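Down below is the structure, laid out as structure tokens.
The values are calculated or read from the model by the stated rules, or taken from the named source; none is laboratory data. Predicted, not measured: the structure shown is a model, and the values here were computed from it. Virtual Cβ from ideal backbone geometry, glycine too; neighbours counted across all protein chains shown. Heads up: the accessible areas ignore ligands, DNA and RNA and are worked out on the full protein's heavy atoms, side chains in. Shrake-Rupley method; radii C 1.70, N 1.55, O 1.52, S 1.80 Å.
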Amino acid sequence: GDPNLLPPDPALALREYERRCTEREQEWERGREEAAYARRSGLLEAIQQGYTPLHAWLYRKDAFLPGPVASSAAVQLGPGVWQVPLLDPVVCAQLADEVDHFNFWAKREGIEVDRPNSMNDYGVVLNDIGFLPAMDRAMAAVVGPLARQLLPEVLHQAEFGSQHSFIVRYAAGEDLDLKPHADDSDITLNVCLGHEFEGASLYFHKPQLCVEREESEFLYPHPQNCPHCVIHYKHRPGMAVLHRGAQVHGVQPLAGGERLNLVIWCRKRPYPKDIQRVMALSGR
């Protein structure tokens, strides 16, 4: 009979279907990367051309290097969580002022700035506004050595490959608390910058060895008598909290004032391609 009238080979048809699906997924991913690259590079170009920093020295690579940070100065708050004295209060205050200054400029110029993550509606991604070199240096020179000494089971002898650094802000009319969650990081460094505030304390649940967690760990509003909580911590300017990203934690409601924190999510995986292209564009 006519071979053109024979039914198609099911195996060949399936392979062709899978090939087309893969091509569409790759095309979608390329489009997503191009859009992200265009947004990041356009934002950096606008900042470089139009923004005058309030404290230009903060953008230097060594701006957040406090000198040798001895692990002997660290205090264990509980399983997997450490407090470390890190930044001078003057540095904290100037970074807070710089972020406020930048947000005022961006709003005035009509420039849309990405927010830190899906849970924080206020604050700013530092890597997107020129701080990537400084945050990279802080990750390698400060967080890495501390993590290898205090949390060796997480980092071992590995190196971090990327970071996501941002400012979070809790204030009346803005974010008041933070639901229990785990970070998208291997190690997180969380430094309080100020200001005057009441409440908004940080809590941690006990570490879980299994991948699946109980639904009760993520109840919101967070119950006052939560059976999972093992640490309650009140932030102080200049003090950092170092912990596993996978450890569930959250923030109690703010009672008054305003709290700003610098958060660095340190990851063993490399940067996404769009950020690698921005780094290459800036000669890094």
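In the stretch 143-167, which residues are open to solvent by less than 10 Å² (accessible area, probe 1.4 Å) and of a type in the set (A, V, I, L, M, F, W, C)?
Keep residues of the stretch 143-167 that are open to solvent by less than 10 Å² (accessible area, probe 1.4 Å), which gives 143-144, 146-147, 151, 155, 162-163, 165-167.
If the condition is that a residue be open to solvent by less than 10 Å² (accessible area, probe 1.4 Å) and of a type in the set (A, V, I, L, M, F, W, C), then V143, L146, A147, L151, L155, F166, I167 are the ones that fit.
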Going by the conditions given, is A255 touching a residue at least 40 places away in the same chain (Cβ under 8 Å) and open to solvent by 50 Å² or more (accessible area, probe 1.4 Å)?
-> yes
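Quick check on my filter: what residues within the stretch 117-164 are in contact (Cβ under 8 Å) with a residue 12 or more places away in the chain and on the phi > 0 side of the Ramachandran plot? Show your work before the answer.
Just the residues of the stretch 117-164 that are in contact (Cβ under 8 Å) with a residue 12 or more places away in the chain, to begin with: 117, 119-147, 149-151, 154-155, 158-164.
Selection gives G123, G130.
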Which residues, taken from the stretch 54-75, are in contact (Cβ under 8 Å) with a residue 60 or more places away in the chain and not charged (D, E, K, R)?
-> L58, Y59, A63, F64, L65, P66, V69, S71, A74
Being open to solvent by less than 50 Å² (accessible area, probe 1.4 Å), at pLDDT below 85 and out of contact with any helix residue (DSSP H, G or I) (no Cβ under 6 Å at 6 or more places or on another chain), is that true of even one residue in the stretch 21-42?
-> yes
Is it true that some residue in the stretch 100-122 is in contact with a His (Cβ under 7 Å, 6 or more places away or on another chain) and either open to solvent by 10 Å² or more (accessible area, probe 1.4 Å) or basic (K, R) (or both)?
-> yes
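Have a look at A200, A134, A172 and point out the one that is in contact with an Asp or Glu (Cβ under 9 Å, 6 or more places away or on another chain), buried (at least 17 other Cβ atoms within 10 Å of the Cβ), modelled with pLDDT of 90 or more and over 16 Å from G250 (Cα atoms). Please lay out each step first, then the result.
On the way: A200 fails: over 16 Å from G250 (Cα atoms); A172 fails: buried (at least 17 other Cβ atoms within 10 Å of the Cβ).
Within the list A200, A134, A172, the selection yields A134.
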Conditions (1) touching a Leu at 6+ places or on another chain (Cβ under 8 Å); (2) of a type outside the set (V, I, T); (3) open to solvent by less than 30 Å² (accessible area, probe 1.4 Å): number failed by Q247 = (1)
Given the structure, is L193 in contact (Cβ under 8 Å) with a residue 40 or more places away in the chain, open to solvent by less than 20 Å² (accessible area, probe 1.4 Å) and touching a Leu at 6+ places or on another chain (Cβ under 8 Å)?
-> yes
Could you identify the single residue in C266, C226 that is surrounded by 15 or more Cβ atoms within 10 Å (Cβ to Cβ) and at pLDDT 95 or above?
-> C266
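Return the total of residues in the stretch 153-204 being of a type in the set (D, E, K, R) and either in a loop (DSSP other than H, G, I, E, B) or under 12 Å from I264 (Cβ atoms) (or both). Walk me through it before giving the result.
Let us first name the residues in the stretch 153-204 that are of a type in the set (D, E, K, R), namely 153, 159, 169, 174-175, 177, 179, 183-184, 186, 196, 198.
Now narrow it down to the ones that are either in a loop (DSSP other than H, G, I, E, B) or under 12 Å from I264 (Cβ atoms) (or both): 159, 174-175, 177, 183-184, 186, 196.
Looking only at that region, the number is 8.
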Give me the pairs: first residue in the stretch 98-114 and farther than 19 Å from H55 by Cα, second residue open to solvent by 30 Å² or more (accessible area, probe 1.4 Å) and in a helix (DSSP H, G or I), beta-carbon distance under 7 Å, and six or more apart or on different chains, which are they?
-> E109/G50; I111/A46
